[in-house]
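The values are calculated or read from the model by the stated rules, or taken from the named source; none is laboratory data. No experiment lies behind these values; they were computed from the predicted model shown. Every residue, glycine among them, receives a Cβ derived from its backbone with ideal geometry; neighbour counts consider all protein chains shown. The area values use the complete protein model at the heavy-atom level, side chains included, leaving out ligands, DNA and RNA. Shrake-Rupley method; radii C 1.70, N 1.55, O 1.52, S 1.80 Å.
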Amino acid sequence: MFPPFPEEKAASVLAEILKGLSAGKIFLRRKARPSEERKNLSVMLGVLVCEDSGGTEVRLAAVSGNAWSLSFSGGEKSQIQILIVPPVVSADKIAGALSKNDDEIHRLTERLNELKELKSKNLLLNESTDCGKKSLSEIDSEFTLLEEKRRNLCDQSLRKVLELYEFFCIDGKTRTISEICRSYNRGKLPPTGTGDCTAPRLFDFAFRNGLRPLSLAETRLGSQVPVEPLCLVPPCDARCAIVLPSMLGIKILYRDEHIIVVDKESGLLSVPGRGPDKQDCVVARVRRLFPSCIEQPAVHRLDMETSGIMVLAFTKEAHRNLNRQFEEGRVKKEYVALLDGNLPKMKIEMHGVMELYFRLDVDNRPHQIWDSEHGKKAVTEWQVLGVERYTAPDGSVRNVTRVLFKPHTGRTHQLRLASSDSHGFGVPIVGDTLYGSCAEGERLMLHAQRISFAHPNSGERLEFFCPAEF
């Protein structure tokens with residue numbers, strides 16, 4: 001994932017720590033004996049520079065996992081002025097959660113290894129060598145049965161461990177990993193060790209203690225501590241990319257001093273609405289993370305129910321430049337949608353461009369209606385990607401059509417109308433609450449997956465791609 005905050009300040013602290021490690025003034029000690037499968041893995045070292053409510057800078061450091069600890073000699077600690085952040089969950093609590101199934105998992109692992117060796121011998125000798133005269137099919141059958149049993153026990157243990165993790169987030173709420181996975185991992189179990197990375201640990205501590213993050217930097221430490229050059233690594237995709245968007249409020253695809261590009265979740269407003277219940281939005285969340293951002297950073301919007309890529313500006317100059325690019329049609333966008341029907345069966349062409357004319361239905365806001373005389377022209381290019389089976393939240397299955405949309409204009413509800421209106425395809429997007437139907441637990445199956453534009457400062461052409469979750 002992309003580093004959520006600038007790295008420079010934190011990187012300078014990391015460099016000080018590495019020098020202290022090399023000089024023997026800072027100590028990285030192993031607290032637990034490594035398991036066989038993890039003994040050669042590296043450890044992550046991270047620094048988060050924050051400021052407290054009075055504007056005083058606070059430096060936090062952490063190492064990943066529970067097996068290592070970082071400590072300072074008295075003089076070094078006072079010189080660097082840094083707080084060591086402990087694990088979110090202690091090793092003792094994790095061991096307690098694992099203890100119920102641990103012996104049985106080890107026993108099954110030993111037997112599975114025996115079966116692997118036995119099968120290897122049988123294949124080599126082309127005969128039964130086990131005293132019990134086990135055939136290859138019997139070995140395979142026992143192996144499959146025991147492997148499934150071990151997998152179920154491991155999943156049980158992982159769930160028990162995950163129940164221990166509760167992260168303090170930027171909005172002041174705490175969320176368990178299970179809650180987070182429902183939103184950011186399609187409800188699936190995350191990898192082992194999720195929650196033990198340095199970045200979630202540092203942010204949890206910062207938010208619990210009312211600190212505002214300014215800079216984050218991480219490096220990987222192997223058997224030898226590198227001093228020069230310092231090699232920075234971003235938060236990991238496997239674990240941090242699940243946890244951090246929920247903790248920070250947004251999933252950051254790119255960020256520099258001029259712009260930020262985020263992946264907006266379905267159900268979140270792009271900009272504030274009317275009333276106190278409609279203030280939570282992408283703009284509010286970006287400004288909460290980056291208070292120095294301009295008051296209105298959004299340069300375009302996505303419907304609340306639409307997910308996908310959104311670009312915002314940190315400065316007025318960047319905002320003006322990007323606005324101009326949108327007005328002049330120099331920003332290229334691409335969406336993917338699931339339409340509630342079989343378009344090829346309806347004799348709709350596989351590729352084409354449509355021109356439609358819509359205006360606001362003043363008696364039924366925010367709906368748009370066809371008006372060839374007073375409506376604004378909406379130009380949409382489409383490509384039918386294929387027909388597939390869609391499983392609804394109630395378990396029913398039906399055919400839907402996956403369509404790629406390239407809007408050449410930026411009208412309100414343009415793609416929803418291109419799909420649902422009789423002047424377009426006459427087939428609504430799945431989950432469309434305005435122009436179709438939406439079952440309980442369903443979302444609008446429309447996602448802004450690609451955008452390209454010129455960087456407002458450098459002029460370099462940038463392109464971002466973020467695939468849909470459906």
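Are any of the residues in the stretch 312-331 open to solvent by less than 10 Å² (accessible area, probe 1.4 Å) and either under 25 Å from residue 423 (Cα atoms) or touching a Ser or Thr at 6+ places or on another chain (Cβ under 9 Å) (or both)? Write out each step before concluding.
Taking the stretch 312-331 first, the residues open to solvent by less than 10 Å² (accessible area, probe 1.4 Å) are 312-313, 318, 322, 325.
Checking the rest, the ones that are also either under 25 Å from residue 423 (Cα atoms) or touching a Ser or Thr at 6+ places or on another chain (Cβ under 9 Å) (or both) come to none.
Among the residues of the stretch 312-331, not one is open to solvent by less than 10 Å² (accessible area, probe 1.4 Å) and either under 25 Å from residue 423 (Cα atoms) or touching a Ser or Thr at 6+ places or on another chain (Cβ under 9 Å) (or both), which makes the answer no.
Which of the residues belonging to the stretch 350-372 are acidic (Asp, Glu) and in contact with a strand residue (DSSP E or B) (Cβ under 8 Å, 6 or more places away or on another chain)? Step through it out loud before you land on a result.
Here is the first cut: in the stretch 350-372, the ones acidic (Asp, Glu) are 355, 361, 363, 371.
Selection gives 355, 361, 371.
Residue check: is residue 230 under 16 Å from residue 6 (Cβ atoms) and buried (at least 20 other Cβ atoms within 10 Å of the Cβ)? Spell out the reasoning first.
Numbers: under 16 Å from residue 6 (Cβ atoms): yes; buried (at least 20 other Cβ atoms within 10 Å of the Cβ): no.
No: the conditions fail for residue 230.
If you check 467, 456, which single one turns out to be open to solvent by 70 Å² or more (accessible area, probe 1.4 Å) and not charged (D, E, K, R)? Working first, answer last.
Numbers: 456 fails: open to solvent by 70 Å² or more (accessible area, probe 1.4 Å).
After applying the criteria, what remains is 467.
In the stretch 349-392, which residue that is farther than 21 Å from residue 336 by Cα and small (Gly, Ala, Ser) is surrounded by the most Cβ atoms within 10 Å (Cβ to Cβ)?
Across the stretch 349-392, the extreme among qualifying residues is 375.
Out of all the residues in the stretch 393-402, is one or more in contact (Cβ under 8 Å) with a residue 24 or more places away in the chain, in contact with a Pro (Cβ under 8 Å, 6 or more places away or on another chain), more than 12 Å from residue 336 (Cα to Cα) and hydroxyl-bearing (Ser, Thr, Tyr)?
Within the stretch 393-402, none of the residues are in contact (Cβ under 8 Å) with a residue 24 or more places away in the chain, in contact with a Pro (Cβ under 8 Å, 6 or more places away or on another chain), more than 12 Å from residue 336 (Cα to Cα) and hydroxyl-bearing (Ser, Thr, Tyr).
Output the residues belonging to the stretch 364-392 that are aliphatic (A, V, I, L, M) and in contact (Cβ under 8 Å) with a residue 24 or more places away in the chain. Step through it out loud before you land on a result.
So the first thing to find is which residues in the stretch 364-392 are aliphatic (A, V, I, L, M), and the list is 369, 378-379, 384-385, 387, 392.
Hits for the stretch 364-392 are 378, 379, 384, 385, 387, 392.
With the structure loaded, tell me whether residue 136 is modelled with pLDDT of 90 or more and either open to solvent by less than 40 Å² (accessible area, probe 1.4 Å) or more than 20 Å from residue 95 (Cα to Cα) (or both) or whether it fails that test.
no
Conditions tested, residue by residue: (1) under 16 Å from residue 213 (Cα atoms); (2) in a loop (DSSP other than H, G, I, E, B); (3) modelled with pLDDT of 90 or more; (4) not basic (Lys, Arg).
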site	(1), (2), (3), (4)
1	no, yes, yes, yes
15	no, no, yes, yes
39	no, yes, no, no
60	yes, no, yes, yes
66	no, yes, no, yes
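Among the residues in the stretch 292-300, are any over 26 Å from residue 403 (Cβ atoms) and either of a type in the set (D, E, K, R) or exposed (fewer than 13 other Cβ atoms within 10 Å of the Cβ) (or both)?
There is at least one residue in the stretch 292-300 that is over 26 Å from residue 403 (Cβ atoms) and either of a type in the set (D, E, K, R) or exposed (fewer than 13 other Cβ atoms within 10 Å of the Cβ) (or both).
Can you tell me which residue within the stretch 415-469, out of those that are within 28 Å of the chain's Cα centre (by Cα) and of a type in the set (Asp, Glu), is modelled with the lowest pLDDT?
469
Going through the stretch 269-289 one residue at a time, which ones are open to solvent by 10 Å² or more (accessible area, probe 1.4 Å) and touching a residue at least 12 places away in the same chain (Cβ under 8 Å)? Walk me through it before giving the result.
Of the stretch 269-289, the ones open to solvent by 10 Å² or more (accessible area, probe 1.4 Å) are 269, 271-280, 284-285, 287-288.
Correct list: 269, 271, 272, 280, 284, 285, 288.
Could you grab me the full set of residues in the stretch 190-214 that are among the small types (Gly, Ala, Ser) and touching a Lys or Arg at 6+ places or on another chain (Cβ under 7 Å)?
193
Quick one: how many residues across the stretch 176-208 are under 24 Å from residue 62 (Cα atoms), open to solvent by 10 Å² or more (accessible area, probe 1.4 Å), touching an Asp or Glu at 6+ places or on another chain (Cβ under 7 Å) and in contact (Cβ under 8 Å) with a residue 24 or more places away in the chain?
The number of residues fulfilling the criteria is 0.
Do you know which residues across the stretch 1-33 are of a type outside the set (Gly, Ala, Ser) and open to solvent by less than 10 Å² (accessible area, probe 1.4 Å)?
Quick first cut of the stretch 1-33, residues of a type outside the set (Gly, Ala, Ser) only: 1-9, 13-14, 16-19, 21, 25-31, 33.
4, 5, 13, 14, 17, 18, 26 - these are the residues of the stretch 1-33 that are of a type outside the set (Gly, Ala, Ser) and open to solvent by less than 10 Å² (accessible area, probe 1.4 Å).
Looking for something assigned to a loop (DSSP other than H, G, I, E, B), farther than 19 Å from residue 326 by Cα and of a type outside the set (Ser, Thr, Tyr) - is there at least one such residue anywhere in the stretch 445-459? So that I can check it myself, show each step before the final result.
Here is the first cut: in the stretch 445-459, the residues assigned to a loop (DSSP other than H, G, I, E, B) are 445, 455-459.
With farther than 19 Å from residue 326 by Cα added as a condition, the list becomes 445.
When the remaining residues are screened for being of a type outside the set (Ser, Thr, Tyr), the result is 445.
Yes, the stretch 445-459 contains at least one residue that is assigned to a loop (DSSP other than H, G, I, E, B), farther than 19 Å from residue 326 by Cα and of a type outside the set (Ser, Thr, Tyr).
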